[in-house]
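Heads up, the thing below is written out as structure tokens.
Every read-out reported here was derived from the displayed coordinates using simple, explicitly stated rules and does not represent laboratory data. Here the structure is a predicted model, which means the values were calculated and not measured. Every residue, glycine among them, receives a Cβ derived from its backbone with ideal geometry; neighbour counts consider all protein chains shown.
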Amino acid sequence: MAAASSAVGAEAAEQVRRAGEDPLAVKRWLAADLVEQYHGAGAAREAREAFDRVHREGSVPEEVPEHEAAADPESGTLWIGYALQEAGLVDSTSEALRMLEQGAVRVDGDRVRDDDLQLSPGRDYLLQRGKRSFARLTVEPPA
């Protein structure tokens, strides 16, 4: 650990000792130390705050991938399974169905288990799979 960080001597020994008590605290210290070395103290503080917002508080990340998908010409809506696939949150509609069944999908912050959910065109949706995978999807009217 000391080779990857700027810690030397007593400081490095203290971090190794702390690792046995609180590994997460040491990981956070090491990450902040590395970011500070390469990008400065301000960047380290911003990175720590962004990490806390997303991983500790469960907030939406500042940067979320944006996607567009066209509604089905027959129904005029977009099925949630296709929406998750179009947004890159799942590889297949079968995986989407499994995620819905497990309660791992949220639309605009609300947990969704309905595998028949249809998204209306003309608006943006914030899709979430699991705790950390997000995408914004704009559903366009059918062509």
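Placing +1 at every Lys and Arg Cβ and -1 at every Asp and Glu Cβ, with all other atoms neutral, what dipole size does region 9-56 have around its Cα centre, in debye to the nearest 20?
160 debye
Could you give the radius of gyration (one decimal) and Dmax (whole number) of the Cα atoms in the chain, in Å?
20.9, 70
Of the beta bridges DSSP finds with both residues in the chain, what % are antiparallel, to the nearest 5?
75 percent
Using Cα springs under 10 Å in a Gaussian network model of the chain, which residue among A71, A96, A31 shows the largest mean-square fluctuation?
Most flexible of the set in this elastic network: A31.
Please build a GNM for the chain, connecting alpha carbons under 10 Å apart, and tell me which residue among E62, E14, E95 fluctuates the most.
It is E14.
Which value, in debye to the nearest 20, describes the size of the charge dipole of region 66-140 about its Cα centre when Lys and Arg Cβ atoms bear +1, Asp and Glu Cβ atoms bear -1, and nothing else is charged?
Charge dipole, region 66-140, about its Cα centre: 480 debye, nearest 20.
For region 75-84, what does the Karplus curve 6.51 cos²θ - 1.76 cosθ + 1.60, with θ = phi - 60°, yield as ³J(HN,Hα) per residue in whole Hz, taken in order and with x for Gly and Pro?
Residue by residue, region 75-84 yields 8, x, 10, 10, 5, 4, x, 5, 4, 5 Hz.
Using a Gaussian network for the chain with springs between C-alpha atoms less than 10 Å apart, which of these wobbles most: G103, G42, G76?
Comparing G103, G42, G76 in a Gaussian network model of the chain, the most mobile one is G42.
Over region 66-140, what is the relative contact order in percent, taking alpha-carbon pairs closer than 8 angstrom and at least six residues apart?
38 percent
Taking the Cα centre of the chain as origin, work out the dipole magnitude from +1 charges on Lys and Arg Cβ and -1 charges on Asp and Glu Cβ, in debye rounded to 20.
640 debye
Please state the relative contact order of the chain as a whole percent: Cα pairs under 8 Å, 6+ residues apart?
That works out to 21 percent.
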